[in-house]
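Asks: Sharing a structure here in structure tokens format.
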Amino acid sequence: MNRALGVLTCGAFLSIVLGVLGSGEPVLSLVLGAVFTALATIGFGWVRDRGRLVWSAGYVAVQLPLAFVTFTINAGVGATLFLVVLVSQCVLLRLPLPVVVLVIAVVPLVHLGMSVGEGLREGLGTLVSVTFAAIITELLLREQRSRTQLAEAHAKLRDYAAQAERLATAQERNRVARDIHDGLGHSLTVVQMQVKAARAVLPTDRDKADEVLAKAQEQAENALAEVRRSVKALREPRTIPPLPEALKALAAETSATGVPVELTVSGTERALPDERHEALYRATQEGLTNVRKHADAGHVEIVLTYAETSVRVEVRDDGTGTDGGPATGFGLVGLRERAEHLGGKLDFTSNPGQGSTLSMEVPG
């Protein structure tokens with residue numbers, strides 16, 4: 001906008017120069033026009049950069065008389081354009097609206113020296129011209145402000161998108177970490193226990209050792225299948241069996257390692273969203289893994305309860321228990337994150353000699 005007004009000012013001054021050279025108009029208008037042009041092109045940018053009302057008011061107080069005197073000496077197109085430029089610059093300087101209106105109202109007075117009819121005709125034309133210039137300038141200013149605000153909004157949206165991407169990446173990384181621990185970690189623990197059992201009976205009962213090793217091999221194959229399912233799940237949905245059926249398979253798997261597991265289901269069975277189904281399944285899996293690794297239990301009970309507004313799973317064992325200190329293993333941390341994400345809760349209680357209970361409850 002400043003550049004356009006500068007070009008218009010220079011064009012107006014060129015018009016005055018041609019008028020002086022071609023028709024012998026007073027040279028004083030050329031001098032005054034040069035001063036006005038210098039201030040309008042160089043001085044205006046300096047004043048606008050300062051952004052202070054006192055400098056803006058001073059600029060208008062100098063330029064308005066210059067334009068009036070130039071018009072009085074040489075009432076041509078050039079002097080009229082000076083007035084149009086000055087009104088536009090008043091708007092660009094963000095002068096108060098009453099000041100801008102006052103300048104617009106004063107501009108037609110340059111025609112006072114004419115006859116009444118001609119003065120009214122020319123004054124009205126000048127008034128319409130400068131008013132139109134003021135309106136167009138204000139509209140352009142608003143359009144520039146809108147562009148600036150839009151650019152800022154786009155920048156904020158890019159920042160928000162980057163933050164959301166980082167958050168999603170962190171959440172996905174945590175989810176994958178939980179799945180690796182709960183799935184592959186569980187299977188490898190079972191394999192480890194079975195290999196230990198096979199080594200223990202190998203010197204005395206090779207058939208039994210071979211049977212246990214066969215189960216270990218099967219569990220290792222299941223672990224590999226679990227890894228493949230996890231990778232596939234990143235690309236496409238997978239079929240999930242009903243929760244009681246999935247827990248029954250877990251119970252049978254643990255029973256095969258030498259720790260009897262009993263599954264009890266109460267309430268009306270119903271389908272659950274995949275994420276809640278997965279959370280309850282992983283809680284049971286982690287509970288059974290901890291039993292095999294730490295509890296030295298003789299019996300384990302899995303209790304699945306379908307309540308009216310929630311579903312709860314408990315893994316109870318009659319093992320050695322703990323001293324009741326806080327449980328901070330990676331598996332329990334991951335399960336607690338799952339429960340909190342779903343609006344549920346995770347509890348772990350244990351007493352020396354009285355076994356342990358791991359429970360998770362989620363809405364459903």
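Asks: For the chain, take the longest principal axis of its alpha carbons; what is the angle in degrees between that and the long axis of helix 77-92, to the nearest 10 within 0 to 90?
Replies: Its long axis makes an angle of about 30 degrees.
Asks: For the range 44-58, what does the Karplus curve 6.51 cos²θ - 1.76 cosθ + 1.60, with θ = phi - 60°, yield as ³J(HN,Hα) per residue in whole Hz, taken in order and with x for Gly and Pro?
Replies: 4, x, 5, 5, 5, 5, 5, x, 10, 4, 5, 5, 5, 5, x
Asks: What are the lysines whose alpha-carbon lies under 26 Å from the alpha-carbon of K156, with same-chain residues fewer than 8 places away excluded?
Replies: Within the straight-line cut-off, K156 pairs with nothing.
Asks: A further question on this structure: Three principal axis extents, largest first, for the C-alpha atoms of the range 74-120, in Å?
Replies: Ordered largest first, the range 74-120 gives principal extents of 35, 21, 10 Å.
Asks: Net charge near V300: determine it from the other residues with C-beta under 11 Å of the C-beta of V300, scoring Lys and Arg +1 and Asp and Glu -1.
Replies: -3
Asks: Starting from the amide H of L263, placed 1.01 Å from N in the peptide plane, find each other amide H under 5 Å away whose residue is 5 or more places distant or on another chain.
Replies: Residues meeting the amide H criterion: I302.
Asks: How high is the relative contact order of the chain, given as a whole-number percent (alpha carbon pairs under 8 Å, six or more residues apart)?
Replies: 10 percent
Asks: Ignoring everything but the protein chains, give the 1.4 Å probe accessible area of C90 in square angstrom, nearest 10.
Replies: Here the residue's solvent-accessible area equals roughly 0 Å².
Asks: What FRET efficiency would be calculated for the residue pair H341, S146, taking the C-beta separation as r and a Förster radius of 35 Å, to the nearest 0.05?
Replies: So the FRET efficiency works out to roughly 0.30.
Asks: Which value, in debye to the nearest 20, describes the size of the charge dipole of the chain about its Cα centre when Lys and Arg Cβ atoms bear +1, Asp and Glu Cβ atoms bear -1, and nothing else is charged?
Replies: The dipole magnitude comes to about 1540 debye.
Asks: Angle between the Cα long axis of helix 97-106 and the longest principal axis of the chain, 0 to 90 degrees, nearest 10?
Replies: Helix 97-106 sits at roughly 20 degrees to that axis.
Asks: Return the Cα extents of the chain along principal axes one, two and three, sorted largest first, each rounded to a whole Å.
Replies: Projected onto its principal axes, the Cα set of the chain covers 129, 42, 38 Å.
Asks: Also: For the range 21-61, with every protein chain kept in place, what is the accessible area per residue (1.4 Å probe, Å²)?
Replies: 59 Å²
Asks: With all protein chains present, calculate the accessible area of V333 using a 1.4 Å probe and round the result to the nearest 10 Å².
Replies: 60 Å²
Asks: Leaving ligands, DNA and RNA out of it, rank I136, I42 by accessible area with a 1.4 Å probe, largest first.
Replies: Greatest to least solvent exposure: I42, I136.
Asks: Determine, from the Cβ-Cβ distance of E138 and A164 and an R0 of 35 Å, the FRET efficiency 1/(1 + (r/R0)^6), rounded to the nearest 0.05.
Replies: With R0 = 35 Å, the Cβ-Cβ based efficiency is 0.40.
Asks: In degrees between 0 and 90, to the nearest 10, how far off the longest principal axis of the chain does helix 2-23 point, with axes built from Cα atoms?
Replies: Result, in degrees: 20.
Asks: Accessible area, 1.4 Å probe, largest first: how do L213, L83, L272 sort?
Replies: In descending accessible area the options line up as L213, L272, L83.
Asks: Quick one: how many Å² of R292 are accessible to a 1.4 Å probe, rounded to 10?
Replies: 20 Å²
Asks: Ignoring any ligand, DNA or RNA, what whole percent of the accessible area of the range 1-103 comes from carbon and sulfur when the probe is 1.4 angstrom?
Replies: Exposed carbon and sulfur together represent 74 percent of the surface.
Asks: Additional query: Under 15 Å from the Cβ of T80, count the other residues' Cβ atoms, weight Lys and Arg +1, Asp and Glu -1, and hand me the total.
Replies: -2
Asks: If you don't mind, another one. Does anything in the range 272-301 have its amide N under 11 Å from the 7 Å Cα→Cβ label point of I240, and if so which residues?
Replies: Taking a point 7 Å out along Cα→Cβ of I240, the residues of the range 272-301 whose backbone N falls under 11 Å are 272-282.
Asks: In debye to the nearest 20, how big a dipole does the range 72-154 give about its Cα centre with +1 on each Lys and Arg Cβ and -1 on each Asp and Glu Cβ?
Replies: The dipole of the range 72-154 has a size of about 160 debye.
Asks: Using Cα springs under 10 Å in a Gaussian network model of the chain, which residue among A307, A170, A61 shows the largest mean-square fluctuation?
Replies: Among A307, A170, A61, the largest mean-square fluctuation in the Gaussian network model of the chain belongs to A61.
The values are calculated or read from the model by the stated rules, or taken from the named source; none is laboratory data. The structure presented is a predicted model; accordingly, all values stated were derived computationally and were not measured. As a convention, Cβ positions derive from the backbone with ideal geometry for all residues, glycine included, and neighbour counts pool all protein chains shown. These accessible areas exclude ligands, DNA and RNA; they are computed on the full protein's heavy atoms, side chains included. Shrake-Rupley method; radii C 1.70, N 1.55, O 1.52, S 1.80 Å.
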